[in-house]
Amino acid sequence: MTTVTTSPASGPAALERGVRTPDGEKFIDGIAGTSVRMNGCSAAAYAALYANVDVITAYPIRPYTAIMMNLAQFIADGVLDAEYVTADGEHAQLSAAFGAASCGARAFTGSSGVGVTYAYEMYSIISGARIPVHMSIADRTLDPPGDFGSEHTDALCTRDMGWLLGWAATPQEVFDKSLIALAIGEDPRVLLPQMVVQDGYFVSHIAGKVDLPSAAAVDAYLPPYQLPFALDPRRPVSHGPQIHPEQGPPLQLERARAMEDAIPVIREKTDEFGAAFGRHYSHFVEEFMLDDAEIAIVISGGHSVTCRAAIMRLREQGIKVGMARLMWVRPFPSEDLRKALRGVKAVGVVETNLGLGGPSYGGILAPDVTTALYHMEGTRPLVTSFMAGLGGETVPVAEFDWMAGKLAAAVRNGRVEKAAHWVGFED
Amino acid sequence: MAHEVVRQHLPLFDEDGRSAAVDGDAGRDLHYLPDFPEEDPYQAGHRTCAGCGPAIEYRWVLKAAGQDTVMAGPTGCMYVANSTYLCTPYTVPWAHTPIASGGSFTSGMAAGYEAMIRKGRHPGPYPNIVVMAGDGSAADIGLGSISGALYRNHDALYICYDNECYANTGIQVSPTTPYAGMTTFTPFGKAVPEGKTLPPKNLARMMAEGHPNCYVATTTVGYSVDLMNKTRKGLNHQGAAFLHCYTPCQKGWVYQTSMTIELGRRVVEAGLFPVWEYDPEERKYHYFHPPVQRPVTDYLAMQGRFGHMLPEHVASMQMAANRNWEDIGMDVPDELRELEDPERHKRLADEQYSMPLNRGVGA
Amino acid sequence: MSVRGTRVPEHLRLPIAGVTPPPTEQDGQRLFPTGNFRFFRPVYKDKTPPCNNACPTGEQIQKYLDFVKHERFLDGYLTILEDNPMPSVTGRVCYHPCETACNRKDHDEPIGIRNVERYLGDYGLQLPENPIKAELPELGDKTVAIVGSGPGGLGCAYHLRRLGYRSVIFEAMSKPGGMLRGGIPHWHLPEEILDAEIAKLLDLGGIEIRCNTRMGEDVGWDELRNYDAAFLAVGQDVGRRLSVDGADLRGVGGALEFLREAGMGRPVKAGKRVLVIGGGNTASDAARSAVRIGGGTSTIVSLESADELLIVPEDLEQARDEGIEFKPNTSVVRFLGENGVLTGAVLCEARLEKDEHGNVVPQHVPGTEYEVSCDSVLIAIGQTQVLDWLPAELMERGLVKADEYGRAQGHVFVGGDVTRGPAMVVDALGDGKRAARNIDVVLRGEGLAPPPEVEVMPYERLNTAYFKHAPRIEAPMASPAERRRDQKVEVTLAYSKEQAVAESDRCMSCGVCNGCDNCYIVCPDVSVMRDTRENGHYSIRTTYCKGCLVCVQECPTGCLEKVPEMDFDEPEAVTRMETAFAPYDGAHAEQSAFTKGLIEEAIAASDAARRQSVNGSNGHAPAGSNGSRGATS
């Protein structure tokens, strides 16, 4: 019996960094080192420009559309050299980005709301193929009702599909996180697609100050994209073959391992970003006034900005409240969250999403947070969740005050009143 | 500065002889084929059924395209049968795509190579980019995706290998399943004696009419030189090209494994699959006029999927074939016109037809 | 961490994301030997094409047509020379039983094989050196006596030479060639062609022709027996006499004698009004020669009706074109003369009947007699030979007896017209070849055996879908007026190179692989292998062939057949699988080495790039403060 032996043929040389257009270089030189007020959509587009993406796949849906409008203008102005594929739907949009990235092109796509879910088939396929497509989402309520407003449900629907999934709370964070996510996802130790999510309108359409770096700084931070097994005639490989049932478990285990193996790289790339650009982000959990907190809000996304303000006011009233913001929802930072919430007596999870009929009969995040905290050593905090900001509604300071009240009551009573509160509809 | 995107040009094969699907009786009587490339980027060891029509087509397409090719294959029988269990028959880069993503994934590959070459990230030349989608993928679930790609005019060749059913899942009806074709979703019975009641979707015509820059052609596995030349023309065409290939499915159509190529000729000679080319610049169709015109029964009777047809079904099939003959500018001989009359037919199972030379049942 | 502590068995350590290395062109992908699907195996088994089968010399016609198709003329020429020493002769004079048998006649029209043969023959004559000369074996010490230097004798000498034997040919006439020279007019076979072919033969060495040596006069039967073996191919060059009144008039002669004199280059005369008596090819040749020599008219008087004439159709048509007249169903009652000189003949209506021995018995219709005037009569009613020098026990009904191997007695073989009556040149050539081979057998002390049975490929078993209808390319002809001008003007002209190639293209290669590549290209499983496109170079890759038989069905020529797999006994031909999905457990997992290599290479490259970038960016250490709290911008 002959033995099948294979070894990598001599492969393509390391990829060059893609050349920018002369106008692009001039344009970036002109803005480097400045602070520009722009909304989250623009910030995402600028990140793509700095990352010198090769292929952009677009399909219109509010509110993320503005990202693609900005990119289309960059291309029209000759500032960015990229193929701009006006797909015939989000499924095609994701497929085209997948195809491009499979060949070794840096592919950028995005969507919102039902657009995200229309492409649902693709998420598992792309991550399972280990193709680091970058997707920028400005989130939006799923239908029904017809609603343009922000809700995290769209992106959270994909949370178990093997993508790196994180929320950005400001335009600056959108810009930074897009670059960080690319650096992580494209790292050969990781090779996973990334979703950088911003809250629709609250972040995507409200301007904030964005510090813009030089092209050289970004190039130094973000190496050229090189897929080790690209669809390249110089070193042929096959992607995505069928498997035999007994081969399923080891391959799925490999996917699980990939998510875990991403964790140290996320830390590393976040730190490297801080070192390079002076903006130091938490790896996974932003801890705000948690050191001595008795109660804490767990939150992600743009509402954390309001939450911070509310906490500062509550602190003035002597209430020992803090905030833990999830920078990434996948991979879920169980360990970091436990560390951040050690000593806290009650935790409220702000759900800007729908988890209909789920374990808490509220949202999607609380079960994840609860599971993480369940394995905490010592005394575990009480956990409840707050349904707030649905359908694009704001979560005003008063609602955070109300939540703090409920948490304080839980601490007093030694038990939570209920697993999920519909904020604004309860006493 | 942007780098030039250099494109390949593949020379065409000599079109003398039977396998070329060219008009006219003149010329040399070659059954001797031209020298095709030695390389077979579609290699042995795939688990397609014996006598698989799509496998023959895959082999021809990749032989014509050569090694500097990148290929995508949406879900379908040729995904499952070819790439089974971590072994694939492709010596060229190949990727599976979801069944609806044939066009979109491929347009991504094309866009990726355009950008990478232009930006100096790939030395070029621009590879041949080929996607082979089944009829389910191309005419049904992925129609929009392929249409989008053709419309956007990405430089790639989009092939529908048409075995006229969803074969992988156990023979279900697809839009290209012929009228009266029996599938597990269109069984025949007392209430529905013909099985499938709808005529097939005219996929290639739709692609030609609707996509302003697209080279479109149809061909079958009956004509190797034609198929390979159309592959090369499609690849040489700068922009999108769509090739609709008739590829018999032994399992789904119930015929002797050895008859795959014969069916590829007979379907053309029966007027049921016109072979043509559409030149987007001239906006003209160039039709192949087969040297033989047969009654549809010569084709239908070779296949079990039509075995239940009643006289009126056969007559209406002949009517459809006759309209096809007229469409491609050929006279309908009186004897074929007369066969539009159900009175002239028996049940298909009892019809007389011209049996091809039979050298035996295989596999 | 959920994956900590997991362990995957070796045979399931699969490549990341299933990224799979490609198969090789050489071995396929090796993980799934699909040959085990197979119940039938395609097998290449050449049959005999009907043309080859019909040719008395056994010319491999399909083979040389195939060479000509590819413009490999030398190979084509050498192929003919294996069986026939003089293609430029047969290419002109052969009545082509091959074309009569050609399957293409059932498709449209038979291949113009003779014209291609002539093309190759003439091609060969123009070569500066006979290409087979270098290949010939050393001459041995055995010598064979051959009587007659007609096609039978020359053919035998040639094939003996190829087998290493010497030969001595006894020829009664002053020049060699027998009926080739003495029976076939120059306008059919130019003298220089015949001379060139004979010269080419003699140039091989070991062949001696003794002209003006008549059996029974110059050499006797006993002398023949001094040789190691003998071959009698004396032909039949004596014309039968017509026993009617006036047959001895001056002006009445034998057609054969007339043709022979002309063929030998001696002066002959023909009248202005020539009657040729007879209904066969000699009559036609004589009539046509007569108009060329005498410049008058020729009338063929035959017992046969127009439909019964034994003249080959193409000759008949040419004769008519040249103005030869015909009086079918006519018999000669007597010749008329004045002063012993022919002036006319009395003819009558008649029909042809034969007695129980096959002898012609003319049936005159009484009262239909009429007179015609003429100044020449040529009798062409059959031929015979003087064989009184042979022992009587070897004779029967004027012919030499022979067994099924063409053997008259011991080491004496016989062939040509003298064994069967007048026949074709190619029959004699075939007899010569057979005699040479059989002489070789007996001289080696072996027993003669009948030739192996052959399977002749019928039209019905060809895949005719591959053959476009294409008309036969007719050879060009000299115009009738031009032909009549001189007996040296060749009637049928040669194919051009393009015509020879195009006509060879029409060959359907019945039952014989011609490297058309259809089996190669139709195989879904890349299992028809060949190094070059030639017969004998095709094989089936049994590891993968699934036995679909598409190749067998699509083989245009029918040289591929299906054979049940059970008929083979080669354990190695089919790879057996130890598992349901691969030849052995873990075959898939071995591929992970490839993918792992790709990833490790990329990680190493990325590490190197990062080190470089960190060093180059002015000492920015990768920041790692665990206590970073939120955005600081």
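From a point 7 Å beyond the Cα of residue A:335 in the direction of its Cβ, which residues of the range A:249-287 have a backbone N at a distance under 16 Å? Within reach of a label on residue A:335: A:257-271, A:283-285. Based on C-alpha pairs under 8 angstrom that are at least 6 apart in sequence, chain B has a relative contact order of 17 percent. Taking a straight line from the alpha carbon of residue B:284, these lysines sit under 17 Å away, with near neighbours fewer than eight places off in the same chain left out: B:230, B:233. Here's the picture: a label point sits 7 Å out from the Cα of residue C:567 along the beta-carbon direction, and within the range B:245-280 nothing has its amide nitrogen under 17 Å of it.
Inside 10 Å of the C-beta atoms of A:162-174, what's the mean count of C-beta atoms belonging to other chains?
1
Over every Cα atom in the protein assembly as shown, the radius of gyration and the widest Cα-Cα span, Dmax, amount to 45.2, 165 Å. Averaged over the residues of peptide C:549-561, the number of Cβ atoms from other protein chains lying within 10 Å of each residue's Cβ is 6. Computed across the range C:265-384, the Kirkwood hydrodynamic radius from all distinct Cα-Cα pairs reaches 14.6 Å. Ranked by the mean number of other Cβ atoms within 10 Å of their residues, highest first, the peptides C:457-463, B:298-304 fall in the order B:298-304, C:457-463.
To the nearest ten degrees, helix A:90-102 and the longest principal axis of the Cα atoms of chain A are 50 degrees apart.
Ordered from longest to shortest, the equivalent ellipsoid semi-axes for the range A:285-422 are 18, 18, 15 Å, each the square root of 5 times a Cα gyration tensor eigenvalue. Kirkwood's formula applied to the C-alpha pairs of the range B:296-363 gives a hydrodynamic radius of 12.8 angstrom.
The orientation-averaged projection of the convex hull spanning the C-alpha atoms of the range A:135-188 amounts to 4.2 square nanometres.
Highest GNM mean-square fluctuation among B:108, B:264, B:234, for chain B modelled with Cα contacts below 10 Å: B:108. Across peptide C:585-597, the mean count of Cβ atoms from other chains lying within 10 Å of each residue's own Cβ comes to 5. Computed over the range C:151-242, the quotient of the alpha carbon radius of gyration and 2.2 N^0.38 Å is 1.13. Beta bridges assigned by DSSP with both partners in the protein assembly as shown are antiparallel in approximately 35 percent of cases. Distances between placed amide hydrogens fall under 5 Å for residue A:298 paired with A:324, A:348, A:349, A:350, all partners being 5 or more residues away or on another chain. Sorting the segments C:109-121, B:115-127, C:145-157 by their residues' average number of neighbouring beta-carbon atoms within 10 angstrom, most packed first, yields C:145-157, C:109-121, B:115-127. Between the range A:131-207 and the range B:202-255, the alpha-carbon centres lie 40 Å apart. In terms of its C-alpha gyration tensor, chain C comes out prolate, because a/c is 1.5 or above and the ratio a/b outweighs b/c. Taking the Cα centre of chain B as reference, the dipole from Cβ charges on Lys and Arg (+1) and Asp and Glu (-1) amounts to some 1260 debye. With each label modelled as a point 7 angstrom along the Cα→C-beta vector, the residue C:317-residue C:459 pair spans 1.8 nm.
Look at the alpha carbon pairs under 8 Å that are at least 6 residues apart: their mean separation over the length of chain C gives a relative contact order of 22 percent. Per residue, the convex hull spanned by the Cα atoms of the range B:39-296 measures out at 122 cubic angstrom. Close amide H contacts of residue A:85 (hydrogens built in the peptide plane, cut-off under 5 Å, sequence separation of 5 or more or a different chain): A:56, A:57, A:58.
Of the peptides B:281-288, B:255-262, the ranking by mean beta-carbon count within 10 Å, highest at the top, reads B:255-262, B:281-288. Projecting the Cα atoms of C:580, C:392, C:37 onto the charge dipole of chain C (Cβ charges, centred on the Cα centre) puts C:580 farthest toward the positive pole. Relative to the longest principal axis of the Cα atoms of chain C, the long axis of helix C:425-443 lies at roughly 70 degrees. Once backbone amide H atoms are built at 1.01 Å from N, residue A:280 has C:632 as its partners under 5 Å, excluding neighbours fewer than 5 places away on the same chain.
Comparing B:235, B:272, B:198 in a Gaussian network model of chain B where C-alpha atoms under 10 Å apart are linked, the largest mean-square fluctuation is found at B:198. For the range B:39-296, what is the percent of antiparallel DSSP beta bridges, rounded to the nearest 5? So the antiparallel bridges in the range B:39-296 amount to around 25 percent. Please determine, in degrees from 0 to 90 and to the nearest 10, the orientation of helix A:171-185 with respect to the longest principal axis defined by the Cα atoms of chain A, where the helix direction is its Cα long axis. The angle comes out at about 60 degrees.
When the convex hull of the Cα atoms of chain A is projected onto a plane and the area is averaged over all directions, what value comes out in nm²?
Details: hull surface 91.2 nm².
Projected over every direction and averaged, the Cα hull of chain A covers 22.8 nm².
Read-outs: derived from the displayed coordinates by stated rules, not from any lab. The model shown is predicted, which means the values in this text are computed figures rather than measured ones. Here the Cβ is made from the backbone with ideal geometry for all residues, glycine too, and neighbour counts use every protein chain on show.
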